[in-house]
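Participant: First the structure, which I've put down as structure tokens, then a few questions once you've had a look.
A short reminder: the numbers here are calculations on the coordinates, not readings from a lab. The structure displayed is predicted, hence computed values, not measured ones. A quick note on method: Cβ atoms are made from the backbone with ideal geometry, for glycine too, and the neighbour counts reach across all protein chains shown.
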Amino acid sequence: MLATELFYVFPKLIQNISQLFQLADKYRGSYKDSCPFYCSYSGYQDELLCAAAWLYKASGEATYLNYVSSNVGWSQTVSEFSWDDKFAGAQTLLAKVANYNENYVKIFQISHRRNKKGIKGEFFGGKTNLRRFKSDADSFVCALMPRSSSLQIKTTRGGLLFTRDSSNLQYATITFAASQIKAFAKSQVDYILGNNPMHMSYMVGYGSKYPTQLHHRGASIPSIHVHPAKVGCSDGYSTWYSSSKPNPNTHVGAIVGGPNSNDQFNDARSDYSHLEPTTYMNAAFLGSVAALLGGSNTECFIEQMHINRTSAGDDY
């Protein structure tokens with residue numbers, strides 16, 4: 001997206017996300033008792049805290065900071081960060097001080113012609129009522145780090161964080177890139193990309209050896225250009241699901257569930273817990289890689305926005 005496009009779109013995005021947050025907060029409840037699968041067992045508090053934390057970071061609006069401050073009692077000490085349990089994400093966002101990114105706040109403020117104001121990690125900025133989030137975030141890191149006195153999650157012999165034998169790579173990709181644990185975060189990324197006992201890249205299409213039987217309907221059924229005949233709703237299962245052949249379509253970039261606790265991996269389409277790709281694994285992997293890459297050109301982008309607004313004759 002171009003700088004000029006983001007300039008006009010960003011406030012609308014914040015507005016829409018804010019409305020969605022208000023809806024979720026107004027109609028609180030859990031669907032675990034009636035859902036068919038992917039049931040949430042952590043409750044709704046972690047999602048609301050995480051949403052408010054991100055909205056505060058994006059907008060700088062005190063409303064969201066007040067929300068998390070009022071609900072600090074929801075925070076829990078956890079040893080995983082997953083699609084279901086997001087407490088660790090909210091805790092880290094609210095406690096963070098080093099390299100806290102002010103740029104998106106600036107975009108929001110510039111586009112609304114507000115006075116520029118800095119935002120920093122609120123715990124270290126005097127908001128001691130957020131001490132609980134800082135403490136819980138520290139506990140999460142200590143639960144993962146090898147040789148920690150409070151270690152809860154073990155690693156395999158190959159070095160992979162192993163929480164449970166079901167889409168385990170979602171937990172391995174969610175590590176923090178603070179200076180003292182950056183090397184460990186990198187080891188998890190390297191493991192996923194092929195530095196492991198199987199010499200297998202768990203990202204489809206990356207490297208010379210990767211999963212070929214992805215548990216994915218679109219990847220396992222031939223393209224309409226190859227198979228123009230109609231494919232019925234159950235045909236994918238009856239015809240292609242049990243095929244021993246590699247998928248006809250390569251889902252490039254998809255990250256699978258990964259190996260078992262012994263670093264072993266069986267490339268079989270029917271083994272969904274190890275072969276199924278998910279957005280929450282790819283999203284977490286992207287965050288880890290972005291953190292490892294370090295700096296960006298965002299400041300240059302902000303400066304260009306200033307220039308664009310000045311050239312247009314706007315006084316902000």
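Participant: Between SER40 and CYS142, what's the calculated FRET efficiency when r is the beta-carbon distance and R0 is 30 Å? Round to 0.05.
Facilitator: The computed FRET efficiency comes out at 0.70.
Participant: Once you put a point 7 Å from the Cα of ARG131 and another 7 Å from the Cα of GLN15, both along the Cβ direction, what distance in nm separates them?
Facilitator: Those two pseudo-labels are separated by 4.1 nm.
Participant: Starting from the 7 Å offset along Cα-to-Cβ, what nm value, one decimal, do you get for the label separation of VAL72 and ALA290?
Facilitator: Output for this residue pair reads 2.8 nm.
Participant: What order do you get for 52-62, 204-214 when each peptide is scored by the mean count of other beta carbon atoms within 10 Å, highest first?
Facilitator: 52-62, 204-214
Participant: Would you please calculate the Kirkwood hydrodynamic radius of the stretch 237-292 over all C-alpha pairs and express it in Å, rounded to one decimal?
Facilitator: For the stretch 237-292, the Kirkwood estimate is 12.9 Å.
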